[in-house]
1. Go through (i) 2.02; (ii) 1.07; (iii) 1.81 and flag the label whose value is the computed Cα Rg over 2.2 N^0.38 Å for this structure.
2. On C-alpha positions alone, give me the angle between the axis of helix 87-102 and the longest principal axis of the chain, in degrees, nearest 10.
3. Which order do Met208, Met247 fall in if you start with the one that has the fewest other Cβ atoms within 10 Å?
4. Which order do the peptides 375-382, 364-371, 309-316 come out in when sorted by mean C-beta neighbours inside 10 angstrom, highest first?
5. From the phi angles alone, apply the Karplus equation (6.51, -1.76, 1.60; θ = phi - 60°) to segment 29-43 and give each ³J(HN,Hα) in whole Hz, x where the residue is Gly or Pro.
6. If we count other beta carbons within 10 Å of each Cβ, what is the order of Thr155, Thr137, fewest first?
7. Choose one of Leu174, Ile394, Ile353: the residue whose Cα lies farthest towards the positive end of the charge dipole of the chain (beta-carbon charges +1 Lys, Arg; -1 Asp, Glu; about the Cα centre).
8. Rounded to the nearest 500, what is the 222 nm mean residue ellipticity of the chain from helices alone, with -39500 (n - 2.57) per DSSP H run of 4+ residues and division by all residues?
Amino acid sequence: MDFTIFSSLLVLLQLIAVIIVVAYLLTRSRIFPEILDGKPTFRTQIILILLFGALSIYGTLSGIDFLGAKINVRDLGPMLAGLLAGPYVGIGAGLIGAAHRLTLGGFTVYSCSIATVFAGLFGGLIWLQQKKKFAGTTIAVLFAILMEGFHMALTLAMCRPFDQALAVVSMVSLPMILANAAGMFVFALMVENLQNERRMQAERDTLMREMERKNTELAIAAEIQQSFLPDTIDQVEGFDIAARSVMAKEVGGDFFDVIPLEVLPLGKGHLGIMIADVSGKGIPAALFMALSRIVVRVNATWYSSKPAQAIRDANTIISHDSRSGMFVTLFYGYLDSESRVLTFVNAGHNPPIHYHAVDGSFSELEATGIAMGAMDDAEYTQETARLASGDLLILYTDGITEAENSSLDMFGLDRFREVIQASGQRSAKEISDEILRAVKSFTGDHPQSDDITLMVIRSM
């Protein structure tokens, strides 16, 4: 008997393989997405009834005769139909399978036919209980096992002679339960994999849309931020001024400014210059940069030739509005072309480099106060520096000196000074271009990790 059970199971598994192939083709059809959504149309329901009804008939015809009964997988088609599309579809497929079974006769004809209809009904009820969704592998397999157990119980309750019914159940119960459970398991895995594919695709689509939206927003933000930087550098008599800014990301926290005389007049031959570096990167730094730039600009115009007072009041405003712990290092200077004197405040920024043409020496314009936004009552003092003919003043952010190559070596202040000294006789723009070229040559393919901003002032 063990061999017979084993042989029966092999035959049933072969039947299951055919049913699974058909079911797989269904999962790849155009109608299956609406099934997964729990909204099969009337046309789709008719197709499913006919398809799974046909599979139920196939499961009967290909079964194994034993003592006037058939070892089969007839119930699998209606079970799948109910689990996929509800009780109407399950019952419809079950009625097709049951009608065919009635034509075959035999002492188990009524119990087998009734069980087939109930297989579709119970599958549909589970579909409803799962809110019109496929129940998942565990529930589906347990349902297949319990349904075949119910089938065996009906056979024992309805079929006579009882001894023959008991012999049939003893022989067919194990292979039928195992075969139907195996078929249900494979199909349920296919459905779950397809659901996972759809979910991942939906997540990818959502992510792509979000990325496109953010890229669009970043492009707009970058365009807006770029508009903050002067398109052209206003020149003042006796000086040649050039500036560049290269962001590490779409937007950043570095900025420079040359206050346009035609918009905010400080007086003939006077010019305000500014360079700054906001802590952090990306959108937050860009927003803080916009705030800082506007506040400093307004105060610089109001106080005209008094940089210390301008930065003091600007710091108070920025500190009150800075709730995120961000701050900005800034250098602001008031340049008088007649006296060639720069009156400046250095709020914790990298000391600008003053190259003295007369002897080739360097000096630095050291800090005269702390970074803006760190303390609302910070005090700032102003200092002066005279720019003799041929002198250079280089304002920069730490994206230059801290630029790294693939070995994580930094460009450093020494290399910076060497480039300045070697190109000291050129125009401000040429010197600016040469500095940026030297930094790029040093870093090579290593990605830029920080914003780079540079302003070159050449005294004529």
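All of the numbers you see were taken from the coordinates with simple rules; none came from a lab. The shown structure was predicted, so the numbers you read here are calculated from the model rather than taken from an experiment. Positions of Cβ are generated from backbone atoms using ideal geometry, with glycine treated the same way; all protein chains shown enter the neighbour counts.
1. (iii)
2. Once rounded, one gets 30 degrees.
3. Fewest to most other Cβ atoms nearby, the residues stand as Met208, Met247.
4. Highest-to-lowest ranking by the protection proxy: 309-316, 364-371, 375-382.
5. 3J(HN,Hα) across segment 29-43, in whole Hz: 7, 6, 8, 5, x, 5, 5, 4, 7, x, 9, x, 6, 4, 4.
6. Thr137, Thr155
7. Leu174
8. -19000 deg cm²/dmol, from helical runs alone.
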